[in-house]
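These notes are about the structure you will find just below.
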Amino acid sequence: MIPTKIDNRNSTDISDAYQISNSIWIDVRCPREFSKGHFTKAINIPLFSDSQHEKIGQTYKEIGQKSATEMGFKYASKSSISILKQISNLNSKNIIIYCARGGMRSKGFEKLIKNTNLSSYRIKGGYKSVRMYILESLKIKRNIIIIAGGTGTGKTALLNRMKKKGYNII
């Protein structure tokens, strides 16, 4: 069966996804897209190779969505065993999935792992929304405190206590 409609029941906003503990972020875009930019600490488990992604795009432009979707489904079916093997090696019960715009690739990936013991969440808007969220967060005014001092004055101990209390430490 080829999915034609995207089910958004398991999709979540990026701000809510940040709150999910014990989670691993999975970027399901092709390796080329991942190398151009991705969420910090995300791992790449692509649904399609670079060449497959390119062929699907060409098919979409030249023939149409239905043919491209069928091709994508065929490619995803072939890579399902490899994907499930990679998923089984993860040390997390919660998987946060995203593709380029939160559409068919992340939904297809989610269907693929449906029968595992994992909880999956799909980012609404995909990497595009992740990127926008991060860019918007850079506009927030923050207080910055620089801690300086000689060796042995307790800077590390102070930073560790601040970190335990939830402060952001760089």
Looking only at segment 13-46, count how many residues are among the polar types (S, T, N, Q), under 10 Å from the mean Cα position of the chain (by Cα) and in a loop (DSSP other than H, G, I, E, B). 1
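Just checking, how many residues over segment 32-49 are more than 14 Å from residue 94 (Cα to Cα) and either touching a residue at least 40 places away in the same chain (Cβ under 8 Å) or open to solvent by less than 50 Å² (accessible area, probe 1.4 Å) (or both)?
The qualifying residues number 11.
Which of the residues that make up segment 144-170 are part of a loop (DSSP other than H, G, I, E, B) and open to solvent by less than 100 Å² (accessible area, probe 1.4 Å)?
If we filter segment 144-170 for residues that are part of a loop (DSSP other than H, G, I, E, B), which is where we start, we get 144-154, 165-170.
Of everything in segment 144-170, those that are part of a loop (DSSP other than H, G, I, E, B) and open to solvent by less than 100 Å² (accessible area, probe 1.4 Å) turn out to be 147, 148, 149, 150, 152, 153, 154, 166, 169.
The values are calculated or read from the model by the stated rules, or taken from the named source; none is laboratory data. Please read these numbers as outputs of a predicted model, since none were measured by experiment. When we count neighbours, we look across all protein chains shown, and the Cβ atoms used for this are built from the backbone with ideal geometry, even at glycine. What goes into the accessible areas is simple: the full protein's heavy atoms, side chains included, and nothing from ligands, DNA or RNA. Shrake-Rupley method; radii C 1.70, N 1.55, O 1.52, S 1.80 Å.
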